[in-house]
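Encoded as structure tokens, the structure appears first; notes follow it.
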Amino acid sequence: MADSFTAFIKAMVLIASAAGMIMSMGYIRDEGMARFEYPVLFVLATLGMMMMVSANDLMALYMGIELQSLALYVIAAFQRDSLRSTEAGLKYFVLGALSSGMLLYGCSLIYGFTGSTSFDAIAAAMETKEHAGIGLIVGIVFLCAGLAFKVSAVPFHMWTPDVYEGAPTPVTAFFAVAPKIAALALFMRALIVPFLAISADWQQIIIVISIASMLLGAFAAIWQDNIKRLMAYSSIGHVGFALIGLAAGSAEGVRGVLVYLAIYLAMNVGTFACILCMRRKTGMVEGISDLAGLSKSNPLMALALAIFMFSMAGIPPLGGFFGKFYVFIAAVNAELYTLAVIGVLASVVGAFYYLRIIKVMYFDEPGEAFEGPMSVEMRAIIGLCGGFVGVFAFY
């Protein structure tokens, strides 16, 4: 498929991949990871994502996912001398293989009960039906399970915190953005295009995983001390919010998800660029306590990180507020009032741990300062992302 939806998603995937690659430059040089396979794997993963976004057939969907996943498994474990990185890659691989099996089983059931793998042909077969048969519903459940793993929605999120913490930081930044955007786009297309006629049958699944993701993302992050782990739970929460738009099952809901993903891209890339600047003589640091007093030692970085945290918490007039606003409005218009209310409450709980980071930066006693000035590319990325999040309200 080549339409305006795919063009918009592909643009975001390419921006996320380019940002991930640029952010990697200094890191792979300093950490002794500068091998030629690194950018090649990035490009292969991105190609897989482009295939996923364009997929209009269950076969194309699976090919895209596998091309992306195989490259991501290797990148996660790319820092071979690090025990954490190797463990992250292995966990991701084992659980990813399991999810691929579930996805393929779901695809085979859908093919068996509809007689086609093409989304358009399945949609034509569905038009005459009010409700799906039990076999087809089981197939859709397995399809949703496989895709929920790719977007790390609860209860298929178990790999996320360990992989985010263990993988090299620029790889984590890439994981948090590009594959999520591609997989959410695929999730929307794989449910709305072929199965719109029977949306009542799959809507409940999406509502349940959306609520579970929002609540886990809000509560599990409260006790985290490692900022990469906190970002993992934060991303699980954000996926929950994005799925509200899919649960609405309307054009307005899809638009809300697209706006949400664009803002999510800027917030996450900017935050991880700040995390990559957390360097001391001993190497990279990842503790939230290491940010103590950052407002005095590096006021511009503290200001940028504060903007991203306020935006993630959904505080107006920053971009994050509008992302949530559009998906909540879509849910209300689709009469999913309970889902919208739970989303607002989860957003309030989540604000606590974002504001805690701001409190540590501005009110705690300064510790050891981070070494060296920021590189030009890091400043550019943080500046562009901060500007987008701040100026989105005017747009």
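Brief remarks follow.
- Members of region 131-157 found to be more than 19 Å from Phe187 (Cα to Cα) and not small (Gly, Ala, Ser), listed by number: His131, Ile134
- Considering the conditions (1) closer than 30 Å to Gly112 by Cα; (2) open to solvent by 70 Å² or more (accessible area, probe 1.4 Å), Ser4 is excluded by exactly one of them, (1).
- Any hit, region 288-309, residues being in contact with a strand residue (DSSP E or B) (Cβ under 9 Å, 6 or more places away or on another chain) and either more than 17 Å from Tyr354 (Cα to Cα) or open to solvent by 20 Å² or more (accessible area, probe 1.4 Å) (or both): yes
- Any hit, region 240-253, residues being outside any helix (DSSP H, G or I), acidic (Asp, Glu) and either over 16 Å from Ala145 (Cβ atoms) or open to solvent by less than 40 Å² (accessible area, probe 1.4 Å) (or both): no
- Any helices (runs of 4 or more DSSP H) falling wholly within region 78-180 and containing at least 1 residues that are open to solvent by less than 60 Å² (accessible area, probe 1.4 Å) and of a type in the set (Asp, Glu): 160-166
- Selection count, region 314-338, where residues are of a type in the set (Gly, Ala, Ser) and assigned to a loop (DSSP other than H, G, I, E, B): 2
- Ile28 vs. criteria part of a helix (DSSP H, G or I), over 29 Å from Ala60 (Cβ atoms), of a type in the set (Val, Ile, Thr) and over 21 Å from the mean Cα position of the chain (by Cα): yes
- In the set Ile198, Ile206, only one residue is at pLDDT 90 or above and either at positive phi or in a helix (DSSP H, G or I) (or both); that residue is Ile206.
- Only one entry of Glu371, Glu365 meets the criterion of being touching a strand residue (DSSP E or B) at 6+ places or on another chain (Cβ under 8 Å) and either within 27 Å of Ile15 (Cβ to Cβ) or in contact (Cβ under 8 Å) with a residue 60 or more places away in the chain (or both), and that entry is Glu371.
- Just one of (1) in contact with a Phe, Trp or Tyr (Cβ under 8 Å, 6 or more places away or on another chain); (2) more than 16 Å from Ile236 (Cα to Cα); (3) not charged (D, E, K, R) fails for Met361. It is (1).
The values are calculated or read from the model by the stated rules, or taken from the named source; none is laboratory data. Keep in mind the model is a prediction, meaning the values are calculated, not measured. Using ideal geometry, Cβ is built from the backbone for each residue, glycine included, and neighbour counts are taken over all protein chains shown. Note: areas computed on protein heavy atoms with side chains; ligands, DNA, RNA excluded. Shrake-Rupley method; radii C 1.70, N 1.55, O 1.52, S 1.80 Å.
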